[in-house]
Amino acid sequence: MTPAANKNRIIFLDLIRAFAVLNMVQGHTVDVLLADEYRTMDSWLYSLWLTNRGLTAPIFLFTAGTVFTYLLRLQKVPFSENPRIKRGIKRGVLLIVIGYLLRYPTPKIIFFDGVTEVQWKIFFTVDVLHLIGFGLLFILLLAYISEKIKYKDGLVYTIATLGVFIAYYFTEKVNWVELFHPFIAGYFYKGTGSYFPFFPFLVFLFAGAVLGSYLARNPTVFKNMKFSVALLIAGIVMIILTYVLDYIEIQYLGKSYFWTSSPNLVLFRLGIVLILNSFFAFTASYLDTIPRILILLGRNTLLIYVVHLMILYGSVWNRGLASIANRAFDPYLTVLSAAGMISLMVLLVYLIYLFNVKNKALVT
């Protein structure tokens, strides 16, 4: 790969990562602080924000799958010799461990006397870090399988994406707690209160892996306008297909489940994510460099996630803004707070870079 090609690729991926993490920070901040009386669909601004809020996780997950697979497949060596395998396993396990620590039920670490049923339920909740952690391990497993069966990994990732998408039609109808302990059942559906079970959210990670695999095989694709157009068309086709499937669902089931348990919403959001990627690919094709802070933001997504989450929601070791000013701000103060939180995260990343603080475990 030529240095110029590598440079273009980094610009494209870091732009997406920086956008994804900052969008996540503002989304969480507004959700914690905005008062209930302003949360009305009569407000076009709130409706727009809420729509974007629903896209935050798909964008973040898709980007994680893209970047991880891209870096994995840049190594043109057999699976067993790829240095990214060991790093990927460590990364996946680290994400899962941090996910549980953020929801740990007691500050006593190993003594669980007095832990309530509600606290255990919160601890068992599957959040985005658990999902990404296992998702990365699944991506590695699929890469191993693709090598063994001698199929291109992009095809294997595509089949996995379709498999999870189709399975979602059925998984939400199964009472998983009758089959497994809530600790495990939460990974399969939302019935236990999980926010990000495997179904359907692995769709976004695996779909990102498809793109990451393609990017690793085509290092100069960003300068080609056809790439941006292809992503745009794919996104539009998915959105159109969403409405077709929704119409079929209404005809056969009597009503639409679009905003509840229908996979059509997953397809719709994936279409939006592809259109967004088309925009960033188009933008990157005209850029030779970007501000270093955007690169740093993209590479420190885990650090930003953990720090801003502890500030907003707290943990058993600290109080968060949610327990102090939960849904108490007007729109102006909320927007100001979101801007302040973003600025704080930018400052944090910049200071870590400025003082050369070693945080290799948290950097992608």
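The values are calculated or read from the model by the stated rules, or taken from the named source; none is laboratory data. Note that the coordinates shown come from a computational prediction; the quantities given were computed from them, not determined experimentally. Here the Cβ is made from the backbone with ideal geometry for all residues, glycine too, and neighbour counts use every protein chain on show. The accessibility values were calculated without ligands, DNA or RNA, using every heavy atom of the protein model including side chains. Shrake-Rupley method; radii C 1.70, N 1.55, O 1.52, S 1.80 Å.
Only the Cβ atoms of Lys and Arg (+1) and of Asp and Glu (-1) were treated as charged; on that basis the dipole of the stretch 25-128 about its Cα centre amounts to roughly 840 debye. Within straight-line reach of residue 152, meaning a Cα separation under 29 Å, sit the following lysines at least 8 residues removed in sequence or on another chain: 7, 76, 86, 90, 223, 226.
Quick check: from the Cα gyration tensor, does the stretch 1-115 come out rounded (a/c under 1.5), prolate or oblate?
Note, shape of the stretch 1-115 comes out oblate.
Between residue 251 and residue 117, the simple spin-label model (points 7 angstrom out along Cα→Cβ) gives 4.6 nm. Here the label points at residue 89 and residue 166, each 7 Å from Cα along the C-beta direction, are separated by 3.1 nm in the simple model.
Listed by chain and number, the lysines whose alpha-carbon sits under 21 Å from that of residue 108, ignoring those within fewer than 8 places in the same chain, are 121. Residue 148 sits with roughly 120 Å² accessible to a 1.4 Å probe, with DNA, RNA and ligands left out of the calculation. Only protein heavy atoms count here; on that basis, with a 1.4 Å probe, residue 164 has an accessible area of about 10 Å².
When the helices of the chain are scored as -39500 (n - 2.57) per DSSP H run of n ≥ 4 and the total is divided over every residue, the value at 222 nm lands at -23500 deg cm²/dmol. Spin-label model, residue 51/residue 181: points 7 Å from Cα along the beta carbon direction are separated by 4.4 nm. For the chain, the dipole from Cβ point charges (+1 on Lys and Arg, -1 on Asp and Glu) about the Cα centre works out to 1420 debye, to the nearest 20.
Provide 81, 249 ordered by accessible surface of protein heavy atoms (probe 1.4 Å), highest first. Let's see the in-between values first.
Values: 81 120, 249 20 Å².
So, going from the largest accessible area down, we get 81, 249.
Between the alpha-carbon centres of the stretch 195-240 and the stretch 109-137 there is a gap of 31 Å.
Amide H contacts of residue 126: 194, 195, 196, each under 5 Å away and 5 or more positions distant or on a separate chain (H built 1.01 Å from N in the peptide plane; Pro and chain starts excluded). Computed extension gain for residue 76 through residue 159, at 0.36 nm per residue and net of the alpha carbon distance, reaches 27.6 nm. Of 104, 214, 257, the residue with the greatest mean-square motion in the GNM of the chain, using alpha carbon springs below 10 Å, is 257. Dipole of the stretch 7-148 (Lys/Arg Cβ +1, Asp/Glu Cβ -1, origin at the Cα centre): which of 146, 46, 64 lies farthest to the positive side? Of 146, 46, 64, it is 146. Overall, the anisotropy analysis places the chain in the rounded class: the square-rooted eigenvalues a ≥ b ≥ c of its C-alpha gyration tensor yield a/c less than 1.5.
With the cut-off at 1.5 for a/c, could you classify the stretch 45-88 from its C-alpha gyration tensor as rounded, prolate or oblate? Prolate is the answer for the stretch 45-88, as a/c is 1.5 or above and a/b outweighs b/c. Rounded to whole numbers, the Karplus 3J(HN,Hα) couplings from phi for the stretch 163-173 are x, 5, 4, 5, 4, 4, 4, 10, 5, 5, 8 Hz, using 6.51 cos²θ - 1.76 cosθ + 1.60 with θ = phi - 60°, and x at Gly and Pro.
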